[in-house]
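One structure is given here, and the rest of the page talks about it.
The values are calculated or read from the model by the stated rules, or taken from the named source; none is laboratory data. Since this is a predicted model, take the numbers as computed values, not measurements. Cβ: placed from backbone, ideal geometry, glycine included. Neighbour counts: every protein chain shown. Note: areas computed on protein heavy atoms with side chains; ligands, DNA, RNA excluded. Shrake-Rupley method; radii C 1.70, N 1.55, O 1.52, S 1.80 Å.
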Amino acid sequence: MRRTLGAIVVSGLLSACSPLGLLNATVPSGGVRITRDVPYGDGPARTLDVYQPAEPGQDRPLVVFFFGGSWKTGNKAEYRFVGTALARRGIVVAIPDYRLYPQTTFPGFLDDAAASVAWAVAHAAEFGANPHPFLIGHSAGAYIAIMLALNPAYLTEAGLPPRQIAGGVGIAGPYDFHPSQLPDIAPVFAGSPESRTQPIAFADGANRPLLLLAGADDTTVRPYNTTALAARIAAHCGPVESRVYPGIGHIGILLAFAPLFVGKAPVVADVTRFVEANEPPARGSVRPCARPMRVDK
């Protein structure tokens, strides 16, 4: 059953179909409250879903999760298995939709993402969450999360001070690539110089704590993106840790959020540990430059 479902999900993801509904059907719904289709801006693409533990609480960690899909495909409803996995760990999770190509190009999806973070901060107390969110994403969503964490301009434009976020987690994200050399991606970034589009260009060590995760067998977004960005941040004495999971590919690292595949890699455990270690008041901690960067393989 697990192998068959995994094959269906992977095949569907790679063919731009939507098999995640099948995966979501295997996720128990108990213990989590879901608030759907909340507008954070104008237009149908600017809505989000909120996942929170069923038991009332206050000052819980807050996560804004951005899905992937090459900035061209995907929607928030497909990622219920992610929101549920983290909410069951005591975390409040907002999963926004955002405008996709060809409706927008760079940096339109970053503007939407920043607006969704601003909404989550403004409404955190309503959901029992701390107003200092962690930005998390997979693939193109990891690009969004880490770009917002490294380049404060987008959050500032949305009305947030850069230090408002508690940290960021990038899962199999592209952080150092050449859009013009990728025919499928080039139109998304057309007209923008690569110096503006690459997260690694903004790695100056001034970031909030970051956790960068990748699969060693990822042939879609090479783990070089993760190790290169982590090394650049560490060289500037910034707070960062990274982990490359052996035997895991681009889709497998995402499936590890689902109960059927959680044994593939400890992604949920690592994300939860990072969030718990860096929520207030620990947000102010800074790793000494002399301390070596943590890279697990």
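Residue count for the stretch 252-266 satisfying the condition of being more than 21 Å from Pro223 (Cβ to Cβ) and either surrounded by 21 or more Cβ atoms within 10 Å (Cβ to Cβ) or among the charged types (D, E, K, R) (or both): 1. Does Gly68 count as open to solvent by 20 Å² or more (accessible area, probe 1.4 Å) and in contact with a helix residue (DSSP H, G or I) (Cβ under 8 Å, 6 or more places away or on another chain)? No, not satisfied. Scanning the stretch 261-278 for residues that are assigned to a helix (DSSP H, G or I), at pLDDT 95 or above and not polar (S, T, N, Q) returns Val267, Val268, Ala269, Asp270, Val271, Arg273, Phe274, Val275, Glu276, Ala277. For Arg273, the test of being in contact (Cβ under 8 Å) with a residue 40 or more places away in the chain, out of contact with any Asp or Glu (no Cβ under 7 Å at 6 or more places or on another chain) and open to solvent by 10 Å² or more (accessible area, probe 1.4 Å) is failed. The sole residue among Thr35, Thr47 that is of a type in the set (Val, Ile, Thr), open to solvent by less than 60 Å² (accessible area, probe 1.4 Å) and more than 27 Å from Leu260 (Cα to Cα) is Thr47. For the stretch 214-229, indicate whether the set of residues that are assigned to a strand (DSSP E or B), in contact with a strand residue (DSSP E or B) (Cβ under 7 Å, 6 or more places away or on another chain), touching a residue at least 40 places away in the same chain (Cβ under 8 Å) and closer than 22 Å to Leu155 by Cβ is non-empty. Looking through the stretch 214-229, none of the residues is assigned to a strand (DSSP E or B), in contact with a strand residue (DSSP E or B) (Cβ under 7 Å, 6 or more places away or on another chain), touching a residue at least 40 places away in the same chain (Cβ under 8 Å) and closer than 22 Å to Leu155 by Cβ.
Residue-level check: of (1) more than 28 Å from Val244 (Cα to Cα); (2) out of contact with any helix residue (DSSP H, G or I) (no Cβ under 6 Å at 6 or more places or on another chain), Leu155 misses just (2).
Taken over the stretch 229-249, the criterion of being open to solvent by 10 Å² or more (accessible area, probe 1.4 Å), under 18 Å from the mean Cα position of the chain (by Cα) and among the small types (Gly, Ala, Ser) is satisfied by Gly249 alone. A Cβ distance below 7 Å, combined with a sequence gap of six or more or placement on separate chains, defines the contacts here; from the stretch 101-121, residues that are more than 19 Å from Asp37 (Cα to Cα) and free of Cβ contacts under 8 Å to residues at least 60 places away in the same chain reach residues that are surrounded by 19 or more Cβ atoms within 10 Å (Cβ to Cβ) and among the hydrophobic types (A, V, I, L, M, F, W, C) in the pairs Leu110/Ile144; Leu110/Met147; Leu110/Leu148. If you go through the stretch 60-77 one residue at a time, do you hit one that is in a loop (DSSP other than H, G, I, E, B), touching a residue at least 24 places away in the same chain (Cβ under 8 Å), among the aliphatic types (A, V, I, L, M) and under 21 Å from Ala122 (Cα atoms)? Looking for residues that are in a loop (DSSP other than H, G, I, E, B), touching a residue at least 24 places away in the same chain (Cβ under 8 Å), among the aliphatic types (A, V, I, L, M) and under 21 Å from Ala122 (Cα atoms), one finds none in the stretch 60-77, hence no.
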